[in-house]
Amino acid sequence: MKYLPCLILFFSLSLHSIAQKTKKPVKRKGKVTVKAPAASQTALDAHLLQPRQAFAYDLVKGSLGKTDPQDADKNYYDTYTLSLNEGEELRLEAATDWYRIAIALESPDKQVQTRKDTDEFPGFSIQKLSYKVPATGTYQLKVSSTDPNSAGEYIIRKFLLPATLVLPNEQADFCERVNFLLAQHQDHFEQIKGKKTKTDKKAGITDHYQTAFAFLPGKPSEILFETEQEKTKYQTILGEFTTREQARQLHQQYVSQLKSCLSGWEPDELSGEKFEQFGVSSYTDFMSLTLKEVGKKKFQVILGLD
């Protein structure tokens, strides 16, 4: 398999149709550079889920090309080995901006779960798979294109969750909490979403829910569902202050930590009279840190993931 020493991937969101060969599509803006371990057949098995662990996470960057094998349809492919235990939940996300991507997970008894693009290529491709592991054993993941002779880079994110929800302990660091949220985001926070508390109709209909996970112990956290956009968001207040300068100091502290945790994600900054926001985005996630004036001498630092 052919792999590059670092990952440079970013997606175009423009709706255009281009050839599914080796020509790289036009990019929207910027770039996403993710530092990932050297890819190998066992690269997605680097972190196994341990007892009472909230999640396990692996990130792998690979590349399809002429040095890789081809299937009967002349699609290049890579394979990865996964060691999985009965009851665990596997969450996979494969993405590329070079071709339409396909993934196939084969169980020890040769049952195959497949996900692939069938629509016209819009300039990027993402496939997700959520899988409840039926039996302990060695599984094989095949990553390929759906178009003959297509080559280019891809990225795979793998989360493993325990059979019963486990929350990060109070000593978990900032990055561990961030990655736990990313794992929960893949099913729209269903595992940590509690009962509805209210419905806000001031700016579109937004339902508010309790959450089993407080990002910081004792700090208000909730899950929001915006009905108009059908979007689910996790939101928590990291701090509240009487002056903007106090809030700005905490905001900058967390911005620095977020940059470190999600190095290479596409950054985005907004600044206005009532708020300042720093955000980072990947293929399907957007995490933000917002400094917001919410009343007279009342400034909040808010973390959000949608």
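Note on segment 152-165: residues that are surrounded by fewer than 20 Cβ atoms within 10 Å (Cβ to Cβ) and small (G, A, S) amount to 1. The sole residue among E240, E228 that is under 25 Å from N169 (Cβ atoms), more than 22 Å from the chain's Cα centre (by Cα) and among the acidic types (D, E) is E240. Quick one: in segment 272-287, which of the residues that are assigned to a strand (DSSP E or B) and in contact with a Leu (Cβ under 7 Å, 6 or more places away or on another chain) is surrounded by the fewest Cβ atoms within 10 Å (Cβ to Cβ)? Per the criteria, the residue is F275. Looking across segment 239-298, not a single residue is touching a residue at least 60 places away in the same chain (Cβ under 8 Å), among the aliphatic types (A, V, I, L, M) and more than 25 Å from Q184 (Cα to Cα). Checked against (1) farther than 23 Å from E89 by Cα; (2) touching a helix residue (DSSP H, G or I) at 6+ places or on another chain (Cβ under 9 Å); (3) in contact (Cβ under 8 Å) with a residue 40 or more places away in the chain, L216 passes all but a single condition, namely (3). Checking each residue in segment 288-306 for being in a loop (DSSP other than H, G, I, E, B) and either closer than 19 Å to F174 by Cβ or acidic (D, E) (or both) picks out only D306. Per the conditions (1) closer than 20 Å to A56 by Cα; (2) among the charged types (D, E, K, R); (3) free of Cβ contacts under 8 Å to residues at least 60 places away in the same chain, the sole criterion not satisfied by E93 is (3). May I ask you to verify whether I223 is free of Cβ contacts under 8 Å to residues at least 60 places away in the same chain, buried (at least 20 other Cβ atoms within 10 Å of the Cβ) and either under 28 Å from K116 (Cβ atoms) or of a type outside the set (G, A, S) (or both)? Answer is yes for this residue. In this structure, does Q140 turn out to be surrounded by 15 or more Cβ atoms within 10 Å (Cβ to Cβ), modelled with pLDDT of 95 or more, of a type in the set (S, T, N, Q) and closer than 20 Å to E89 by Cα? In short, yes. Being buried (at least 17 other Cβ atoms within 10 Å of the Cβ) and part of a loop (DSSP other than H, G, I, E, B) is the filter here, so list the residues in segment 166-190 that pass it. Across segment 166-190, the qualifying residues are P168, Q186, F189.
Determine whether segment 186-205 contains at least one residue that is within 17 Å of the chain's Cα centre (by Cα) and in the same structural domain as E93 (by TED's automatic domain parsing). Checked segment 186-205: no residue is within 17 Å of the chain's Cα centre (by Cα) and in the same structural domain as E93 (by TED's automatic domain parsing).
Residue under question is S125, and the condition is that it be outside the structural domain of Q186 (by TED's automatic domain parsing), more than 25 Å from D147 (Cα to Cα) and of a type in the set (S, T, Y); does it hold? Spelling it out, it is not the case that S125 is outside the structural domain of Q186 (by TED's automatic domain parsing), more than 25 Å from D147 (Cα to Cα) and of a type in the set (S, T, Y). Only a single item in (1) more than 21 Å from D187 (Cβ to Cβ); (2) among the β-branched types (V, I, T); (3) free of Cβ contacts under 8 Å to residues at least 24 places away in the same chain is not met by T114, and it is number (1). In summary, E269 fulfils each of the numbered conditions (1) modelled with pLDDT under 95; (2) touching a Lys or Arg at 6+ places or on another chain (Cβ under 8 Å); (3) in a strand (DSSP E or B) with the single exception of condition (2). Summed over segment 288-306, the residues that are surrounded by fewer than 15 Cβ atoms within 10 Å (Cβ to Cβ) and either among the charged types (D, E, K, R) or over 20 Å from P220 (Cα atoms) (or both) give a count of 3.
Criterion applied to Q235, Q249, Q253 was being assigned to a helix (DSSP H, G or I) and within 27 Å of Y57 (Cα to Cα), and the one residue passing it is Q253.
The values are calculated or read from the model by the stated rules, or taken from the named source; none is laboratory data. Since the structure is predicted, the reported quantities are computational estimates derived from the model, not experimental observations. Virtual Cβ from ideal backbone geometry, glycine too; neighbours counted across all protein chains shown.
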